[in-house]
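Notes to accompany the following structure.
The values are calculated or read from the model by the stated rules, or taken from the named source; none is laboratory data. Keep in mind that this is a model prediction, so the values were computed, not measured. Backbone-built Cβ (ideal geometry, glycine too); neighbour counts: all protein chains shown. For accessibility, only protein heavy atoms count, side chains too; no ligands or nucleic acids. Shrake-Rupley method; radii C 1.70, N 1.55, O 1.52, S 1.80 Å.
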Amino acid sequence: MTTTWLDEVFNVTKPVIAMLHLSALPGDPGYDSAAGIAAVVDRARTELHALQDGGVDAVMISNEFSLPYLTKTEPITAITMARIIGELLPDISVPYGVNVLWDGRASIDLAVATGAKFVREIFTGVYASDFGLWDTNVGEVARHRARVGGSHVKLLFNIVPESAQYLAHRDLASITRTTVFATRPDAICVSGATAGAPTDAEALRVVKSAAGEVPVFVNTGVRAENVGAQLSVADGAVVGTYFKKDGLFANAVDKSRVEELMTAAREFRAQLG
């Protein structure tokens with residue numbers, strides 16, 4: 001069997017990447033300046049252990065509570081995330097990635113600075129979004145990755161962005177094919193409308209069929225009851241909201257929900273042989 005970068009990074013078939021959502025950071029409207037960075041680190045460390053103890057295959061650290069998001073972040077965001085990740089490194093026991101929402105270049109910088117193996121972002125396309133007109137420049141980002149020594153950082157392209165719609169009148173299959181041919185993603189992520197929203201099963205199949213040898217991740221809406229069905233199509237999953245208490249985005253990670261989903265994922269993977 002041919003070894004892929006997924007095997008090398010995750011060492012498991014069809015990995016489940018857990019989102020580690022950081023609390024609001026300095027500069028964000030929701031930042032708790034009285035509690036300070038220490039409180040952000042404490043919550044992140046507690047949730048990291050809940051995710052790892054629950055059996056996830058990897059974690060992706062993101063500024064999920066930096067709402068409303070910027071498409072070009074302020075320097076304080078990635079700087080603060082680097083400090084937080086530096087404090088968490090002794091506790092991290094699984095492969096990890098980063099995501100500075102919604103800024104591909106900042107995500108790569110953070111990965112290089114912290115030793116992260118992968119990033120997830122919107123690297124291609126032009127969108128009408130809840131955050132305004134959303135433009136990208138994948139050629140510039142690819143060259144920036146090379147300049148900062150980040151060629152080893154794997155890029156997960158989200159081609160169905162949350163809270164946004166592609167401006168060109170193109171079908172999902174053709175977008176996938178040209179993304180693979182022209183921009184060389186390491187993997188493609190397929191999402192629902194928002195964090196935790198179900199990913200359309202047909203959209204996932206269309207992208208998987210059109211992506212060729214490029215791995216495809218289901219990026220939102222994975223639950224214990226559907227993880228097997230989703231992984232029967234996708235090469236991996238990214239899970240955030242389901243791992244929270246009561247399955248609510250704003251809540252802290254609930255270890256029992258992590259164990260529930262990961263048990264279902266392992267049972268499905270065992271059937272693959």
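What the table below lists for this structure:
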item	result
Subset of segment 176-219 [open to solvent by less than 20 Å² (accessible area, probe 1.4 Å), out of contact with any Asp or Glu (no Cβ under 7 Å at 6 or more places or on another chain) and of a type in the set (Ser, Thr, Tyr)]	176, 179, 199
Any strands (runs of 3 or more DSSP E) falling wholly within segment 122-175 and containing at least 1 residues that are touching a residue at least 60 places away in the same chain (Cβ under 8 Å), surrounded by 15 or more Cβ atoms within 10 Å (Cβ to Cβ) and under 18 Å from the mean Cα position of the chain (by Cα)	154-158
Test: residue in segment 98-116 that is assigned to a loop (DSSP other than H, G, I, E, B), over 25 Å from residue 210 (Cα atoms) and touching a Gly at 6+ places or on another chain (Cβ under 8 Å)	yes
Near pairs, Cβ below 9 angstrom, 6+ apart or cross-chain, from segment 199-222 (on the phi < 0 side of the Ramachandran plot and of a type in the set (Lys, Arg)) to any residue that is surrounded by fewer than 21 Cβ atoms within 10 Å (Cβ to Cβ) and at pLDDT 95 or above	205/233; 208/233; 208/235
Unmet criterion (only one of (1) more than 22 Å from residue 130 (Cα to Cα); (2) free of Cβ contacts under 8 Å to residues at least 60 places away in the same chain; (3) of a type in the set (Asp, Glu)) for residue 53	(2)
Residue within segment 51-66 that is at pLDDT 95 or above, on the phi < 0 side of the Ramachandran plot, touching an Asp or Glu at 6+ places or on another chain (Cβ under 9 Å) and open to solvent by 60 Å² or more (accessible area, probe 1.4 Å) present	yes
Scan of segment 21-69 for residues that are within 20 Å of the chain's Cα centre (by Cα) and polar (S, T, N, Q), ordered by number	23, 46, 52, 62, 63, 66
Odd one out for residue 94 among (1) assigned to a helix (DSSP H, G or I); (2) open to solvent by 20 Å² or more (accessible area, probe 1.4 Å)	(1)
Residues being acidic (Asp, Glu) and either open to solvent by 20 Å² or more (accessible area, probe 1.4 Å) or farther than 17 Å from residue 184 by Cα (or both) - total across segment 99-121	2
Looking only at segment 17-41, and only at residues there that are free of Cβ contacts under 8 Å to residues at least 24 places away in the same chain and assigned to a loop (DSSP other than H, G, I, E, B), the one that is surrounded by the most Cβ atoms within 10 Å (Cβ to Cβ)	31
Residues of segment 253-273 classified as part of a loop (DSSP other than H, G, I, E, B) and surrounded by fewer than 14 Cβ atoms within 10 Å (Cβ to Cβ), total	1
Residue within segment 42-55 that is in a loop (DSSP other than H, G, I, E, B) and out of contact with any helix residue (DSSP H, G or I) (no Cβ under 8 Å at 6 or more places or on another chain) present	no
Answer from 250, 234, 224 - the residue that is at pLDDT 95 or above, closer than 21 Å to residue 41 by Cα and in a loop (DSSP other than H, G, I, E, B)	250
